[in-house]
Amino acid sequence: MINLIKGFHDILPDQSLKWAFIVNKARNCLERFGFREIVTPIMEKTELFQRGIGRTTDIVEKEMYTFQDIGSDSLSLRPEATAGILRAVVEHSMLKREPVLKLFTIGPMFRRERPSKGRFRQFFQINAETMGDDSPLTDAETILASYTLLDDIGVGNFSLEINSVGCKNCRHLYRSALVKYLEPSLNSLCPDCQRRIETNPLRILDCKEPQCIAVSRDAPLITEFLDSSCRDHFEKVKLALTSIGVPFRLEPRLVRGLDYYTRTAFEFVHSQLGRTKALGGGGRYDSLISELGGPDVSGIGFGLGIERLAMNLPDDHADFLRNTDIFVAIIGAGPLNPGFELVSRLRRSGLSVEARYSGMSLKAQMKVADRLSAGWVVMIGDDELALGKATMRDMTTKRQFLVELDDIERVVRGEIF
RNA sequence: GAGGGCGUAGCUCAGUUGGCAGAGUACAGGGUUGUGGCCCCUGGGGUCGUGGGUUCGAGCCCCAUCGCUCUCCCCA
């Protein structure tokens with residue numbers, strides 16, 4: 001037996017309705033917010049991710065599935081969606097035709113991490129980006145879109161954390177101040193953080209090691225180093241969120257794993273999963289589009305993990321159960337072909353119809369009908385065949401009666417009887 | 001990358017000091033010759049992860065190996 005790749009997973013039929021529910025709600029919600037769907041490849045040139053996400057991030061350094069194509073290009077499976085979307089936007093000059101562009105995509109991402117609960121090497125993400133508009137109201141609207149999405153899907157027990165990580169200039173000043181503060185305590189930090197002080201000191205604030213938490217407890221905060229324009233932007237985002245009733249918590253230590261974020265950063269934290277397994281998050285990126293060869297405009301986006309959403313929804317919700325309108329029970333060999341034709345005709349009328357053609361006993365067929373939670377069973381045996389009619393059974397009330405074949409649809413739709 | 005736990009029926013798992021391979025559930029058939037759920041009966045279904053070792057005898061003990069899972073770092 002050949003089994004699946006570590007960290008990959010199959011979505012079996014008893015989960016797929018739940019997935020379809022999530023994806024349908026997401027599409028509906030994002031389209032209401034003015035986003036249109038874009039589908040980009042799951043593979044891109046490695047360089048795109050190196051330039052976009054940042055060469056020193058964990059994701060690019062050690063989590064990408066990268067291989068050499070026949071020829072010369074190094075290719076990688078996408079570890080996140082934004083870089084690929086922006087590549088397409090720049091490549092097709094979409095911002096020239098549409099200076100404010102709102103796109104979403106739904107699909108698999110790949111990161112070669114050690115898998116654990118709710119963490120996969122292939123995972124599905126819902127991703128939305130607004131480009132060409134750096135109004136704080138757009139930040140608020142993007143956050144509202146993701147918040148509404150979670151609400152529509154019915155995920156509970158989460159909170160929204162927001163922060164501003166400043167622009168390049170604020171970050172530069174802050175980084176120096178933070179390093180200056182941490183350096184005397186360098187030896188008390190965990191090995192990872194001792195390395196991070198060179199590579200990415202901001203991440204130390206997010207470290208969960210007790211000794212690092214202790215050291216960084218009184219560290220200066222990025223919010224104290226925001227210049228007037230970044231501070232003003234952040235204030236307006238918070239005001240806007242408040243004005244539309246989106247509850248949030250300020251989290252001055254929130255630092256996201258992708259280097260390109262500037263100013264607004266946010267994360268949806270589930271109360272049981274904790275911040276290390278966030279439902280999703282996002283932020284603004286001021287220079288990513290121009291770095292990828294596009295115009296010098298800002299963008300903001302978010303990603304939500306479908307597995308993380310699914311694991312926080314019950315499996316037995318009514319919307320996730322399969323719905324069969326009619327099970328046609330064929331009794332005996334004589335009615336086999338008439339029954340087959342009846343099934344086809346009923347399906348053509350838009351009903352969901354199931355039947356078995358293997359000569360099962362009526363009792364066995366009733367069991368199947370029950371398992372499919374069919375609303376009605378239409379029975380056709382020699383007796384019915386002789387009359388040109390069918391017996392209908394309402395599976396909820398057990399009421400049973402003979403009907404003309406042409407009346408079946410109307411009975412199911414509640415128009416007669 | 002570091003560290004735990006677990007591999008026995010499709011699924012969830014029990015299996016005592018080493019002594020005939022088990023239960024529940026699911027599936028199939030019957031109890032009802034044409035009627036579902038509840039109940040009762042019956043049945044099929046096993047490379048006990050794999051390889052080696054110890055032993056009269058191994059699911060159990062030893063060694064190796066593979067896999068899964070969970071935690072941490074980090075993210076979705």
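The values are calculated or read from the model by the stated rules, or taken from the named source; none is laboratory data. Bear in mind the structure is a predicted one, so any value in this text is a computation, not a measurement. Here Cβ is always computed from backbone atoms with ideal geometry, including for glycine, and neighbour counts include all displayed protein chains. To get the accessible areas, we keep the full protein, side chains included, count just its heavy atoms, and leave off ligands, DNA and RNA. Shrake-Rupley method; radii C 1.70, N 1.55, O 1.52, S 1.80 Å.
Given A:ARG87, A:ARG112, which one is part of a loop (DSSP other than H, G, I, E, B) and assigned by TED's automatic domain parsing to the domain that holds A:TYR147?
A:ARG112
Hey, can you tell me all the residues within region A:54-65 that are open to solvent by less than 70 Å² (accessible area, probe 1.4 Å) and hydroxyl-bearing (Ser, Thr, Tyr)?
Result: A:THR57, A:TYR65.
In region A:386-400, what residues are open to solvent by 20 Å² or more (accessible area, probe 1.4 Å) and more than 6 Å from RNA strand B (Cβ to nearest atom)?
Within region A:386-400, A:ALA386, A:LEU387, A:GLY388, A:LYS389, A:ASP394, A:THR396, A:THR397, A:ARG399 meet the criteria.
Here's the yes/no breakdown for (1) more than 10 Å from RNA strand B (Cβ to nearest atom); (2) more than 37 Å from the chain's Cα centre (by Cα); (3) of a type in the set (S, T, N, Q); (4) assigned by TED's automatic domain parsing to the domain that holds A:GLY332:
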{"residue": "A:VAL353", "(1), (2), (3), (4)": "yes, no, no, yes"}
{"residue": "A:TYR357", "(1), (2), (3), (4)": "yes, yes, no, yes"}
{"residue": "A:VAL368", "(1), (2), (3), (4)": "no, no, no, yes"}
{"residue": "A:ALA374", "(1), (2), (3), (4)": "no, no, no, yes"}
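Within region A:118-143, restricting attention to residues that are part of a strand (DSSP E or B) and closer than 16 Å to A:PHE35 by Cα, which residue is nearest to RNA strand B (Cβ to nearest atom)?
Among those residues, the one meeting the criterion is A:GLN125.
Out of all the residues in region A:274-321, which are assigned to a loop (DSSP other than H, G, I, E, B), more than 7 Å from RNA strand B (Cβ to nearest atom) and of a type in the set (A, V, I, L, M, F, W, C)?
Result: A:LEU292, A:VAL297, A:MET311, A:LEU313, A:LEU321.
If you check A:ARG78, A:ARG111, A:ARG87, which single one turns out to be surrounded by 13 or more Cβ atoms within 10 Å (Cβ to Cβ) and either polar (S, T, N, Q) or more than 16 Å from RNA strand B (Cβ to nearest atom) (or both)?
On the way: A:ARG78 fails: either polar (S, T, N, Q) or more than 16 Å from RNA strand B (Cβ to nearest atom) (or both); A:ARG111 fails: either polar (S, T, N, Q) or more than 16 Å from RNA strand B (Cβ to nearest atom) (or both).
Sole residue among the options that is surrounded by 13 or more Cβ atoms within 10 Å (Cβ to Cβ) and either polar (S, T, N, Q) or more than 16 Å from RNA strand B (Cβ to nearest atom) (or both): A:ARG87.
If a residue has to be surrounded by fewer than 16 Cβ atoms within 10 Å (Cβ to Cβ) and within 13 Å of RNA strand B (Cβ to nearest atom) to count, how many in region A:14-26 make the cut?
1
Of all residues in region A:291-344, which are among the small types (Gly, Ala, Ser), crowded, with 21+ Cβ neighbours inside 10 Å and farther than 30 Å from A:ILE85 by Cα?
A:ALA329, A:GLY339 - these are the residues of region A:291-344 that are among the small types (Gly, Ala, Ser), crowded, with 21+ Cβ neighbours inside 10 Å and farther than 30 Å from A:ILE85 by Cα.
From (1) in contact with a helix residue (DSSP H, G or I) (Cβ under 6 Å, 6 or more places away or on another chain); (2) surrounded by 15 or more Cβ atoms within 10 Å (Cβ to Cβ), pick out the condition that doesn't hold for A:ASP227.
(2)
Is there a residue being touching a Gly at 6+ places or on another chain (Cβ under 7 Å) and open to solvent by 20 Å² or more (accessible area, probe 1.4 Å) anywhere in region A:365-385?
The answer is yes, given that some residue of region A:365-385 is touching a Gly at 6+ places or on another chain (Cβ under 7 Å) and open to solvent by 20 Å² or more (accessible area, probe 1.4 Å).
Considering only residues that are in contact with a strand residue (DSSP E or B) (Cβ under 6 Å, 6 or more places away or on another chain) and open to solvent by 70 Å² or more (accessible area, probe 1.4 Å), which ones fall in region A:405-417?
none
For residues in region A:195-227 being among the charged types (D, E, K, R) and either within 10 Å of RNA strand B (Cβ to nearest atom) or in contact with a Pro (Cβ under 7 Å, 6 or more places away or on another chain) (or both), which is farthest from A:LEU254 (Cα to Cα)?
Applying the first criterion (among the charged types (D, E, K, R)) to region A:195-227 yields A:195-196, A:198, A:203, A:206, A:208-209, A:217-218, A:224, A:227.
Imposing the further condition that a residue be either within 10 Å of RNA strand B (Cβ to nearest atom) or in contact with a Pro (Cβ under 7 Å, 6 or more places away or on another chain) (or both) reduces the set to A:195-196, A:203, A:206, A:208-209.
Values: A:ARG195: 19, A:ARG196: 16, A:ARG203: 9, A:ASP206: 7, A:LYS208: 12, A:GLU209: 16 Å.
Checked region A:195-227; the qualifying residue farthest from A:LEU254 (Cα to Cα) is A:ARG195.
Within region A:90-108, track down each residue that is closer than 16 Å to A:LEU304 by Cα and either near RNA strand B (Cβ under 9 Å from one of its atoms) or among the aliphatic types (A, V, I, L, M) (or both).
Taking region A:90-108 first, the residues closer than 16 Å to A:LEU304 by Cα are A:103-108.
Answer for region A:90-108, where residues must be closer than 16 Å to A:LEU304 by Cα and either near RNA strand B (Cβ under 9 Å from one of its atoms) or among the aliphatic types (A, V, I, L, M) (or both): A:LEU103, A:ILE106.
Given the residues A:LEU173, A:LEU160, A:LEU137, A:LEU150, which is the only one that is in contact with a Phe, Trp or Tyr (Cβ under 8 Å, 6 or more places away or on another chain) and open to solvent by 50 Å² or more (accessible area, probe 1.4 Å)? Lay out the reasoning, then the answer.
Numbers: A:LEU160 fails: open to solvent by 50 Å² or more (accessible area, probe 1.4 Å); A:LEU137 fails: in contact with a Phe, Trp or Tyr (Cβ under 8 Å, 6 or more places away or on another chain); A:LEU150 fails: open to solvent by 50 Å² or more (accessible area, probe 1.4 Å).
Step by step, each of A:LEU173, A:LEU160, A:LEU137, A:LEU150 is checked, and only A:LEU173 is in contact with a Phe, Trp or Tyr (Cβ under 8 Å, 6 or more places away or on another chain) and open to solvent by 50 Å² or more (accessible area, probe 1.4 Å).
Looking at this structure, is A:LEU405 at negative phi and out of contact with any Lys or Arg (no Cβ under 8 Å at 6 or more places or on another chain)?
Against the criterion (at negative phi and out of contact with any Lys or Arg (no Cβ under 8 Å at 6 or more places or on another chain)), A:LEU405 does not qualify.
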